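Notes for the one structure printed next.
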Amino acid sequence: MENKPEMRQWLEDFKLDHPLVIAGPCSAETEEQVLDIARQLKDTKVSIYRAGIWKPRTRPGGFEGVGAIGLKWLQKAKGETGLLMAVEVANAHHVKLALEHDMDVLWIGARTTVNPFAVQEIADALADTDKIVLIKNPVNPDLALWLGGVERLYNAGIKKLGVIHRGFSTYEKTKYRNIPEWQLAIELHERFPDLPIICDPSHITGRRSMIQEVSQQALDLNYDGLMIETHNNPDKAWSDAAQQVTPDMLKEILNDLTVRKKTDETHEFNHRLKKLRLRIDEYDTRLIEILGKRMRIADEIGALKRENNVAILQTRRWKQVLDKMTAEGLQENLGEEFILRLFRAIHQESISHQEKIINK
Ligand code: PEP
Ligand code: MN
């Protein structure tokens, strides 16, 4: 499927002079909570109110959402504030209930996008309605799966589409809850330039202190909007407590953001440079994280050598490492001299780590 300019008409119709903002709690908890937050978000930059009614939990026992009763609360909030209402749907039954309760925006969660059967079922249930449908990226960094979700909905006659970038899960521990992998979203944007793209810094970071920074990065990449989890009592939230912000914090975050002009000729260079630098920064962060991990293993080796009273420097092993790395470096187009200098530095750090352990 190629780019479809009509996909972004719904967004243009808002006639906003700032990025689209979707905000509201991770989960609807009580009627009072839903209404209180909605009232605080009325007359702000927020256009769409979000709340999860059915919550996909990784393991049973967590809060699985209030269910269909929450739709009544959202309907009430809509009547009172005029905000558009968004809920997550994961199957045809959810879609039916959401349509019956006059929800305006449906989003497909990351755990659902991974499953083409579920996405197709949702697309069929929504066929030819005029709802706005937003597709979150799949949990795993698989662009085809994400594109496939967009295509299934478009083919079912849904023309008001958008994607939400909420980051990707990895086994590695990083400073993010879900690593952004910006280049994947950038690639999707290059495939469908008219498909609105919304960043969800809440699920990317998992921490409220990082939301500002990631929101700004998204705007620097010309994202069309932000989805930010907002709660009247974040620390007491029934799900995702650490990442939710209060309505006042949200207003501050939004006020402090610098909205860049959409690219024109003169901005094109800066824009491309920024995109590339963001990718470099992402890799630099990972390099440091990987080096930290490597040194922690060196510490364990140090402890093992101490227990067995073995010398730290093992020349033969070190020579093997260097040979292997210069060969692999060549494959990656890295100069031999660079690899030697890099690994000497890494080895030196590793030895000083081990020395600290042995002489403890
Ligand atoms: C959510 O938006 O609350 C949610 C469950 O998100 P995700 O599907 O991105 O994990
Ligand atoms: Mn959440």
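Can you tell me the 0 to 90 degree angle between the C-alpha axis of helix 69-81 and the longest principal axis of the chain, rounded to 10?
70
Quick check: net charge around residue 317, other residues with Cβ under 14 Å of its Cβ, Lys/Arg +1 and Asp/Glu -1?
On the way: positive: 305, 316, 319, 324; negative: 323.
Combined, the nearby Lys, Arg, Asp and Glu give +3.
May I ask you to give the solvent-accessible area per residue for the chain, in square angstrom, as obtained with a 1.4 angstrom probe?
Counting only protein heavy atoms, the per-residue value for the chain is 51 Å².
With respect to the cross-link table entries 45/78; 42/160; 76/160, which display a Cα-Cα separation exceeding 21 Å?
From 45/78; 42/160; 76/160, over 21 Å: 42/160; 76/160.
What nm value, rounded to one decimal, do you get for the distance between residue 316 and residue 242 when each label is placed 7 Å out toward the C-beta?
About 4.5 nm, to one decimal.
Pick out which of 15, 175, 236 has the largest mean-square fluctuation in a Gaussian network model of the chain, springs linking Cα atoms closer than 10 Å.
Most flexible of the set in this elastic network: 15.
With an 8 Å Cα cut-off and a minimum separation of 6 or more residues, compute the relative contact order for the stretch 227-356 in percent.
The value is 19 percent.
Measure off, as a whole percent, the carbon and sulfur share of the 1.4 Å-probe accessible area of the chain, all protein chains present.
52
Counting only C-alpha contacts under 8 Å and six or more residues apart, can you give the relative contact order of the chain as a whole percent?
The value is 14 percent.
Using per-residue counts of other Cβ atoms within 10 Å, averaged over each peptide, order 323-330, 48-55 from highest down.
My ranking of the peptides, most packed first, is 48-55, 323-330.
Need one word for the chain: rounded, prolate or oblate. Basis is the Cα gyration tensor (sqrt eigenvalues a ≥ b ≥ c); a/c below 1.5 gives rounded, then a/b vs b/c decides.
In terms of gyration-tensor shape, prolate.
Please figure out what share of the DSSP beta bridges in the chain is antiparallel and state it in percent, rounded to the nearest 5.
5
Output the 0 to 90 degree angle, nearest 10, between the alpha-carbon long axis of helix 265-308 and the longest principal axis computed from the alpha carbons of the chain.
50
Under 8 Å for C-alpha pairs, at least 6 residues apart: give me the relative contact order for the stretch 24-148, rounded to a whole percent.
20
Leaving ligands and nucleic acids out of the surface, order 283, 176 by accessible area at 1.4 Å, largest first.
Putting 283, 176 in descending order of accessible area: 283, 176.
With every protein chain left in place, what is the accessible area of residue 172 in Å² (1.4 Å probe, nearest 10)?
Rounded to the nearest 10, the figure is 100 Å².
Pick out which of 70, 148, 62 has the largest mean-square fluctuation in a Gaussian network model of the chain, springs linking Cα atoms closer than 10 Å.
62
Residue 349: accessible area at probe 1.4 Å, nearest 10 Å²?
Accessible area, nearest 10 Å²: 90 Å².
What is the distance, in nm, between label points placed 7 Å from the Cα along the Cα-to-Cβ direction at residue 307 and at residue 1?
Placing both labels 7 Å along Cα→Cβ, they lie 5.6 nm apart.
How far, in degrees from 0 to 90, does helix 116-126 lean away from the longest principal axis of the Cα atoms of the chain, to the nearest 10?
The two axes meet at around 20 degrees.
The values are calculated or read from the model by the stated rules, or taken from the named source; none is laboratory data. Predicted model only: the values in this text are computed from it and were never measured. Backbone-built Cβ (ideal geometry, glycine too); neighbour counts: all protein chains shown. For accessibility, only protein heavy atoms count, side chains too; no ligands or nucleic acids. Shrake-Rupley method; radii C 1.70, N 1.55, O 1.52, S 1.80 Å.
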